[in-house]
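K.L.:
Got a structure here, written out as structure tokens. Questions coming.
The values are calculated or read from the model by the stated rules, or taken from the named source; none is laboratory data. This one's a predicted model, so the numbers in the text were calculated from it and none came from an experiment. We place every Cβ from the backbone using ideal geometry, glycine too, and count neighbours over all the protein chains shown.
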Amino acid sequence: MTPRKAGTSPHTRYRRARKRLSDLEVLKATLERSRPRTPGKKGAKTRALNKLTRRVSAARGQVTKARNVIARAASERAAVKNAVKYKRSEAATKGWAKRRVGERIAPFGDHWQHLRPDGTTITVVVDKTDSSLEGKYWNMYGVALDGKGDLRYFEGLSVFDFDRQRRFPFVTDLDVIAQHADEIDFGPGFYKRRNEAPGNAA
């Protein structure tokens, strides 16, 4: 990294711009107070004032530019600081969430086979609430296959799988359910309570 030249920092440039503006404003004020007596001197004063006015305007622009550079640098530093803080907070949150998942799975995690839209099932690890929901779904599943009910209650509902850290919606399409009903294995691996070994997870 090339070292910065002395006197080129944003704050130094800002101080120099302020000093130049101040000097020009003093010159302009002094000239405005003068009282030339001859027409030639009055014209010279007018020309000098016009020139100084342009120089003062340019100097003010330099001050504003230098101030903006300082503000932008401060904003960038704040953004970097906030980004670092956010990353630390996010990491801490993820660590907390991971610990909570571990705590919840150990005492409460049930393993269920969950039906997917393509008719296949996967093993999901769910908490007590979602485990109850899975049980209700599969009870209604059998009723719906017998033509004595439907699964509209489960439309828009889903369960959270702790293994995959994502939600899986319930399938309520009776055509899909009827088409793949014979493929579902309701054997010993279909549901396992808490810390029992899961069945074949996909």
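K.L.:
Out of the residues in the stretch 103-140 that are assigned to a helix (DSSP H, G or I) and among the basic types (Lys, Arg), state the one that is modelled with the highest pLDDT.
P.N.:
Just the residues of the stretch 103-140 that are assigned to a helix (DSSP H, G or I), to begin with: 103-108, 128-140.
Okay, now just the ones that are also among the basic types (Lys, Arg), so 104, 128, 136.
Values: 104: 49, 128: 87, 136: 93.
Among residues in the stretch 103-140 that are assigned to a helix (DSSP H, G or I) and among the basic types (Lys, Arg), the one modelled with the highest pLDDT is 136.
K.L.:
For the stretch 43-53, how many residues meet the condition of being modelled with pLDDT of 90 or more, charged (D, E, K, R) and closer than 14 Å to residue 29 by Cα?
P.N.:
Result for the stretch 43-53: 1.
K.L.:
Hey, another quick one. For the stretch 154-173, how many residues are exposed (fewer than 14 other Cβ atoms within 10 Å of the Cβ) and either among the hydroxyl-bearing types (Ser, Thr, Tyr) or over 17 Å from residue 113 (Cβ atoms) (or both)?
P.N.:
4
K.L.:
How do the pairs read when you match residues in the stretch 24-51 that are polar (S, T, N, Q) with residues anywhere that are surrounded by 10 or more Cβ atoms within 10 Å (Cβ to Cβ), using Cβ under 8 Å and keeping only pairs 6 or more apart or on different chains?
P.N.:
Qualifying pairs under 8 Å: 34/45.
K.L.:
Every residue in the stretch 141-197 that is of a type in the set (Gly, Ala, Ser) and in a strand (DSSP E or B), please.
P.N.:
Of everything in the stretch 141-197, just one residue is of a type in the set (Gly, Ala, Ser) and in a strand (DSSP E or B), namely 158.
K.L.:
Going by what's in this entry, would residue 166 be described as over 13 Å from residue 133 (Cβ atoms), under 31 Å from the mean Cα position of the chain (by Cα) and either assigned by TED's automatic domain parsing to the domain that holds residue 123 or not hydrophobic (A, V, I, L, M, F, W, C) (or both)?
P.N.:
Working: over 13 Å from residue 133 (Cβ atoms): yes; under 31 Å from the mean Cα position of the chain (by Cα): yes; either assigned by TED's automatic domain parsing to the domain that holds residue 123 or not hydrophobic (A, V, I, L, M, F, W, C) (or both): yes.
Criteria met by residue 166.
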